[in-house]
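Here is the structure we will look at.
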Amino acid sequence: MSKRNLLLIVILLVAACVLPFVVSNYRTFQFTLVMVYATALLGLNILTGYNGQISLGHGAFYALGAYCAAILMDQAGAPYWLTVPAAGAVCLVAGFLFGLPALRLEGLYLALATFALGVAMPQLLKYDHLAKWTGGVQGIVIAKPEAPFGIPLNPDQWLYFFTLAVTLVMFVLAWNLLRGRVGRALVAIRDHHVAAEAMGIDNAIYKSAAFGVSAMYTGVAGALSAIAVQYVAPDSFNIFLSIVFLVGIVIGGLASISGALYGALFIQFVPNIADEISKAAPWAIFGIFLIGFVYVMPTGVAGAIRLLLAKRRKAT
Amino acid sequence: MKRGLISLGILAALTAAPVQAQKKYDPGASDREIKIGNTNPYSGPASAYGTIGKTINAYFKMVNDEQGGINGRKVSFISYDDGYSPPKTVEMARKLVEQDQVLFLFQTLGTPSNTAIHKYMNMRKVPQLHVATGATKWNDPKNFPWTMGWQPNYQDEAKIYAQHLLKEKPNAKIGVLYQNDDYGKDYLKGIKDGLGAKAKSMIVAEVSYEVADPTVDSQIVQLQQSGADVFFNITTPKFAAQAIRKAYDIGWKPMHFLNNVSTSVASVLTPAGLEKSVGLISTAYIKDPTDKQWQSDAAVEKWRAFMKKYYPDGSLTDNSNMYGYTVARTLHQVLQQCGDNLTRENVMRQAASMKGYAIDTLLPGITISTSSQDFAPIQSVQLMRFNGTSWERFGQVLSSQ
């Protein structure tokens, strides 16, 4: 990592720490959601951006994580911070298991299989025999965590820092994972799986593992979102959520770690802007934004920034 | 003489003082403005209901333009799209309360969406007024003193059908078709509660469908084969039309109860076939603008004129627009009663002290009543039967209490 990059990250971190003290609680809550989405997008980007497997069903893992957290808190009385790794572990296993049979499916067929998962999830959550735990259609309301040890932060600020800490850990882990051997193997499989196989990369294991890790990230994000929103219900996790995730990683920049953050900012704020521009057709406005972004920055925001920096370096 | 003047002066001071001292405001209210927040599904799976938000917006535009607002204050109705997604509702509700600083939220739509903000609103002590859902839990002033419903709740309505059935046909065999969500299950519970101990023996078949299903044809066949002679049809408009048509086409002629959600002549019975809808039993509390008996009703005429002038894109055959207009008028009255005391507490107090307030777009005999222990504004409905052209109301105005 170059010195300049390091400096940039430190500045960003300082800014992130100061933020909740200068903006309102409502904005703090919004930025908490941005970090939640960023974690989810990072997970999907590992799968789709780095490994080339398209998933249209990541909302299902997000829901799984959220429900894990909510049920653990509601039924078992678990502390909220413990539910995050638990949700991650459950989703890791679920993602790996789903990844195994899905391996036989390539490209669009995999997209369809995951789409089925995403569509089925809300109905599974409504399933009568699970209603004892899931609360059925009514969902589960959970309490908001307070800052521990008498730290002088209000619940919104505390939640922000808690989410920031988890997000940081997840990003550092991803950075470690992706810049090394594993990352190169994932990209090799994406670019030419036969060649990758010839180089001794076990396609099956890597692809399933990528699915598992990706689901784990999304599950962690789901758990964080449940804690932040204080409520889970089947209607929160419809198929549209999965599509929005995909939009997020493409806009942010495929196969880019920082892209997850840009994508998260986009899916958090652009729908609100669109709604303010037009009540009659908010999604039409959203569509215009989308087309605009894709046209101006075909490699996502992260790609555009990289290009800009490269140009500047050439000029100097 | 002098003494007389002094006592007159004291009297005048006594009577004048309270009038002047009572201008009280919470965030969102001022001498010039009352800010009201709202969330509605303008996009997403329930976007058909978005028209309610638009009607309310149009209503307050009319109030501002024609009457100079309420008690001299303009009404700002701030409404955001939540796409029927609970996390989005939380975000938008927080935006309205914390950033836009509205006085209260009004008519937030959807059971899951309102559940998501239920705790938050009560913790912040900001009214969540006249929510647009028929779930039963909104009438709980003890635990949630800042939340109030408006329409008759699903369970009460279902109980009324059950009571009618027990009286008319105590040995009936009942088949139920319901939508597999909170709304359908709430109704189902109401039916069972209404039948009491006989529920187990009377209900011979319970069949559900998902909102995403293309048709309910197979469910109807299943119900017919169960031997049921009474049909509880707990479905939303599209499925209600299918169910009515299919039951008729396969020659199944049960005593047919249709829930109030789907009683629109234009959007349910006409597509199902008017001749196939004869004999349906339902309830109503609001005037259906497509029903012939209200064709030249003064209140409905007035509503039409309002729609044409302030919401010309809105459909004149959509019940939701009549609903939005009527609920907005309820709020109008609440704010009128608040006078110059526009605190959140007083808004709740006034909303909870409506004594038989009549609105002419409600059915004759149905009024709005609340108290500090009763947060269910409309509790009564009237049974009605379809005669092939319009709904005929029969019996008394009923309430399940």
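Per residue of B:85-96, what is the mean number of Cβ atoms on other protein chains within 10 angstrom of that residue's Cβ? Mind showing how you got there, number by number?
Details: counts 7, 9, 15, 6, 4, 7, 8, 2, 1, 7, 6, 1.
Mean partner shielding for this stretch: 6.
Please report the relative contact order for the range B:70-228, taking Cα pairs under 8 Å with a sequence separation of at least 6, and give it as a percent rounded to a whole number.
On the way: 226 pairs, mean separation 24.6, N = 159.
Across the range B:70-228, relative contact order equals 15 percent.
Quick one: check the C-alpha center-to-center distance for the range A:170-239 versus the range B:58-87, whole angstrom.
46 Å
Where does the Debye-calculated log10 I(q)/I(0) of chain B sit at q = 0.08, 0.09, 0.10, 0.12 Å⁻¹, using only Cα point scatterers of equal weight, no solvent?
Normalising to I(0) and taking log10 leaves -0.45, -0.56, -0.68, -0.95.
Can you list residues from other chains, or at least 5 along the same chain, whose modelled amide H is less than 5 Å from the amide H of B:Gln382?
B:Ala284, B:Leu398
In a GNM of chain A with a 10 Å cut-off on Cα contacts, which of A:Arg184, A:Arg27, A:Arg104 has the highest mean-square fluctuation?
A:Arg104
Please give the peptides B:288-298, B:318-328, B:237-247 ranked by average Cβ packing (other Cβ atoms within 10 Å per residue), highest first, as a rough proxy for protection. Walk me through the numbers on the way to the answer.
Details: B:288-298: 16.3, B:318-328: 24.1, B:237-247: 22.5.
Highest-to-lowest ranking by the protection proxy: B:318-328, B:237-247, B:288-298.
Give me a comma-separated list of calculated 3J(HN,Hα) values for the range A:68-77, in order, Karplus coefficients 6.51, -1.76, 1.60 applied at θ = phi - 60°, integers in Hz, x for any Gly or Pro.
4, 4, 5, 5, 4, 6, 6, 8, 9, x
Do any trypsin sites (Lys or Arg not before Pro) in the range B:117-211 lie in a DSSP loop with no more than 10 other beta carbon atoms within 10 Å, and if so, which?
Values: sites: B:Lys119, B:Arg124, B:Lys125, B:Lys137, B:Lys142, B:Lys159, B:Lys167, B:Lys173, B:Lys185, B:Lys189, B:Lys192, B:Lys198, B:Lys200; in loops: B:Lys125, B:Lys142, B:Lys173.
Hits after loop and neighbour filter: B:Lys142.
Wrap a convex hull around the Cα atoms of the range A:25-238, take a quarter of its surface area, and give that in square nanometres. Walk me through the intermediate numbers first.
On the way: hull surface 48.3 nm².
Orientation-averaged projected area of the Cα hull: 12.1 nm².
Relative contact order, percent, of chain A when contacts are C-alpha pairs under 8 Å separated by at least 6 residues? Don't skip to the answer; put the middle values down first.
Values: 486 pairs, mean separation 101.6, N = 316.
Dividing the mean separation by the residue count of chain A yields 32 percent.
If the cut-off is a Cα-Cα distance under 29 Å, which lysines reach B:Lys276, setting aside same-chain residues fewer than 8 apart in sequence?
Correct list for B:Lys276: B:Lys159, B:Lys167, B:Lys169, B:Lys173, B:Lys185, B:Lys189, B:Lys192, B:Lys238, B:Lys246, B:Lys253, B:Lys287, B:Lys292.
Show me, for the range A:40-47, the HN-Hα J-couplings you get by feeding each phi into the Karplus relation (A = 6.51, B = -1.76, C = 1.60, θ = phi - 60°), rounded to Hz, glycine and proline as x.
Ordered by residue, 3J(HN,Hα) equals 5, 5, 4, x, 5, 5, 4, 6 Hz.
State the answer as a single residue: which of B:Ser390, B:Tyr42, B:Ala158 lies farthest towards the positive end of the charge dipole of chain B, with beta carbon charges of +1 for Lys and Arg and -1 for Asp and Glu, about the Cα centre.
Positive-end residue among those listed: B:Ala158.
So if I take the centroid of the Cα atoms in the range A:250-316 and the same for the range B:343-400, what is the distance between those two points in Å?
50 Å
Quick check for you: which residues of the range A:217-248 have the amide N under 12 Å from the point 7 Å beyond the Cα of A:Ala78 toward its beta carbon?
Correct set: A:220, A:223-224.
Provide, for chain A, the number of lysine pairs with alpha carbons under 28 Å apart, each pair being eight or more places apart or on different chains. All intermediate terms of the calculation are to be shown ahead of the outcome.
Values: A:Lys3/A:Lys311; A:Lys3/A:Lys314; A:Lys126/A:Lys144; A:Lys132/A:Lys144.
Lysine pairs, 8 or more places apart or on different chains, close enough: 4.
Return the whole-Å distance between the Cα centroid of the range B:37-54 and the Cα centroid of the range A:6-52.
If we compute the Cα centre of each part, the gap is 30 Å.
Tally the DSSP beta bridges in chain B and give the antiparallel ones as a percent, rounded to 5.
Working: 15 of 47 bridges.
Expressed as a percentage, antiparallel bridges in chain B total about 30.
Average partner chain C-beta neighbours within 10 Å, per residue of A:226-234? Walk me through the numbers on the way to the answer.
Values: counts 1, 0, 3, 9, 6, 12, 4, 9, 4.
Per residue, the number of nearby Cβ atoms from other chains is 5 on average.
What is the spin-label model distance, in nm, from A:Leu8 to A:Trp175 if the labels are put 7 Å beyond Cα along the C-beta direction?
Here the modelled spin labels are 1.1 nm apart.
How big is the dipole moment of the protein assembly as shown about its Cα centre under a simple scheme where the beta carbon of each Lys and Arg is +1, that of each Asp and Glu is -1, and everything else is neutral? Debye, nearest 20, please. Spell out each step's value before the answer.
On the way: 62 positive and 47 negative charges, 276 e Å.
Rounded to the nearest 20 debye, it is 1320 debye.
Out of A:Gly300, A:Gly252, A:Gly59, any idea which swings most in a Gaussian network model of chain A, alpha carbons joined below 10 Å?
Checking each option, the largest mean-square fluctuation is seen for A:Gly300.
Using each residue's phi in the range B:198-205, evaluate 6.51 cos²θ - 1.76 cosθ + 1.60 at θ = phi - 60° and report the 3J(HN,Hα) Karplus result to the nearest Hz, with x for Gly and Pro.
So the J values, rounded to whole Hz, are 7, 3, 4, 7, 7, 7, 9, 8.
Just grab the label-to-label distance for A:Leu97 and B:Tyr25, each label 7 Å out from Cα along the Cβ direction, in nm (one decimal).
Result: 5.9 nm between the two label points.
Starting from the amide H of A:Tyr231, placed 1.01 Å from N in the peptide plane, find each other amide H under 5 Å away whose residue is 5 or more places distant or on another chain.
Amide H to amide H, under 5 Å and 5 or more residues apart or across chains, A:Tyr231 pairs with A:Ile142.
Just subtract the alpha-carbon distance of A:Lys311 and A:Lys144 from 0.36 nm times their residue separation and send over the number in nm, one decimal. List each step's numbers first, then the result.
Working: separation 167, 0.36 × 167 = 60.12 nm, distance 4.72 nm.
This chain segment gains 55.4 nm when fully extended.
Roughly speaking, what % of Cα-Cα pairs in the protein assembly as shown are separated by over 37 Å, rounded to a whole number?
On the way: 119278 of 256686 pairs.
So the pairs more than 37 Å apart make up 46 percent of the total in the protein assembly as shown.
Relative contact order for chain B using alpha-carbon pairs under 8 Å, separation at least 6, rounded to a whole percent?
Details: 767 pairs, mean separation 63.9, N = 401.
Relative contact order comes out at 16 percent.
For chain B, modelled as a GNM with alpha-carbon contacts under 10 angstrom, which of B:Asn259, B:Asn143, B:Asn233 fluctuates the most?
Maximum fluctuation in the GNM of chain B, among the listed residues, is at B:Asn143.
Once amide H atoms are placed 1.01 Å from N in the peptide plane, what residues at a sequence separation of 5 or more from B:Thr235, or on another chain, have their amide H within under 5 Å of its amide H?
Sorted by chain and number, the residues that satisfy this are B:Asn259.
A short reminder: the numbers here are calculations on the coordinates, not readings from a lab. All figures in this text were calculated on a predicted structure; none of them were measured in a lab. Note that each Cβ is placed from the backbone with ideal geometry, even for glycine, and that neighbours are counted across all protein chains shown.
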